[in-house]
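*Asks:* Structure below; questions to follow.
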Amino acid sequence: MTVREIRFTPCAIEFGCEGTDWFASGGADQIKQAKDLLTQAGYPNGFETKISYRNVFRGYLPDPPAVAQDVKEQLAAIGIKAKLDEQESGTLIANANSGKLDGLFLLGWGADYPEVTNFMDYHFGGGCTAAFGKCYPDLATPLGQGNSTTDSSARKAAYAEANNKLQELVPMVPIAHGQYANAYLAGTTGAQVSAISTEVLWGMKPPGSFSTPDTVVFIQNAEPIGLYCADETDGESLRACEQSMEGLYGYAVGGTDVRPVLATSCDPNTEGTQWTFKLRSGVTFHDGSTFEAKDVVMSFAVQWDAANPLHKGDTGIFEYWAGLWGGNLNPPPPAS
């Protein structure tokens, strides 16, 4: 059996694999080691749990029921009895992010932008969700140091410490890294496959012989859960949002090269703590109203301020804001 090592963040992303190696898997004596650890923890005969999952195809999880069954059988080999629990896609995500799942669960992550903060900070930083229980200060502290500096050496040290703490605390276990592929009809113009699921349908055209030349039919893994885009995290919703929403900056079609969109420039200070954007002029919304700085401020405010009357979405958790920026203004009191 091949011994392999899987990190939480893909090593292709800078700082993703700093620190000591993750636990290797595939060794012939791992079942015995696992049983010994269970005995040391007071569970010589194992215990009962459940494995929750959603039956939605993903590049990182192409057949959830089969994977869940396989994990169940591996756990049974060391005495842990697991019951499979299939949930609707949106329900599972909401339950995971609000800490309502009891037992183990299968979920994955696809990069929204190719940076280590998108993996580590979102899940384990100061504004982490309740998916893995309470936030871990020993993880959040070095992550905060890494995401608040532009010094490469300091970032490397911070993420090495965070990766080591992740292995020490083990709030989750990385199983595999997946890859994506899209298939298009021959003759499709502008066909794209994006590593961060940002295909732009308006940049494509079907073959000339197609009966509806101005219509692109794109089949994805599932229906979008919702379109209040700031409060969604599933790839299907975010791909739909990509067709109608524009940010200050974005990515080149079919790639990850950063380009200005609603902004024309972005200038940081030396410390990287202040950023000055110059907005594109002459931009209008669909209703004809003009795009102004106050619109940018409002788009941030409704996500940051939990008391804002527009801070309402599918779940109302706004996971991305808290995960990437460290928490909300006026957060609601914790549930009793």
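The values are calculated or read from the model by the stated rules, or taken from the named source; none is laboratory data. Since the model is a prediction, treat every value here as computed from it, not as a measurement. Here the Cβ is made from the backbone with ideal geometry for all residues, glycine too, and neighbour counts use every protein chain on show.
*Asks:* Those residues that are assigned to a loop (DSSP other than H, G, I, E, B) and in contact with a strand residue (DSSP E or B) (Cβ under 9 Å, 6 or more places away or on another chain), I need them from the range 52-78; list them, please.
*Replies:* 55, 61
*Asks:* Among the candidates 53, 60, single out the residue that is under 30 Å from residue 159 (Cβ atoms), in the same structural domain as residue 101 (by TED's automatic domain parsing) and modelled with pLDDT under 90.
*Replies:* Result of the check over 53, 60: 60.
*Asks:* Which numbered condition trips up residue 97, out of (1) within 15 Å of the chain's Cα centre (by Cα); (2) modelled with pLDDT of 95 or more; (3) not β-branched (Val, Ile, Thr)?
*Replies:* All conditions pass for residue 97, except number (2).
*Asks:* Something else about it: Restricted to the range 270-285, and to residues that are surrounded by 10 or more Cβ atoms within 10 Å (Cβ to Cβ) and among the polar types (S, T, N, Q), which residue is nearest to residue 114 (Cα to Cα)?
*Replies:* 273
*Asks:* If a residue has to be part of a helix (DSSP H, G or I), surrounded by 13 or more Cβ atoms within 10 Å (Cβ to Cβ) and of a type outside the set (S, T, N, Q) to count, how many in the range 161-189 make the cut?
*Replies:* 5
*Asks:* Shifting gears a bit: With the structure loaded, tell me whether residue 49 is polar (S, T, N, Q) and part of a strand (DSSP E or B) or whether it fails that test.
*Replies:* Here the answer is yes, as residue 49 does meet what is asked.
*Asks:* Do any residues in the range 8-21 that are loosely packed, with under 15 Cβ neighbours inside 10 Å have Cβ atoms under 8 Å from those of residues that are of a type outside the set (Asp, Glu) and part of a loop (DSSP other than H, G, I, E, B), where the two are at least six apart or on different chains, and which pairs are they?
*Replies:* 11/17
*Asks:* Kindly establish whether residue 208 is surrounded by 13 or more Cβ atoms within 10 Å (Cβ to Cβ) and either modelled with pLDDT under 90 or closer than 19 Å to residue 242 by Cβ (or both).
*Replies:* Judged against the criteria, residue 208 is not a match.
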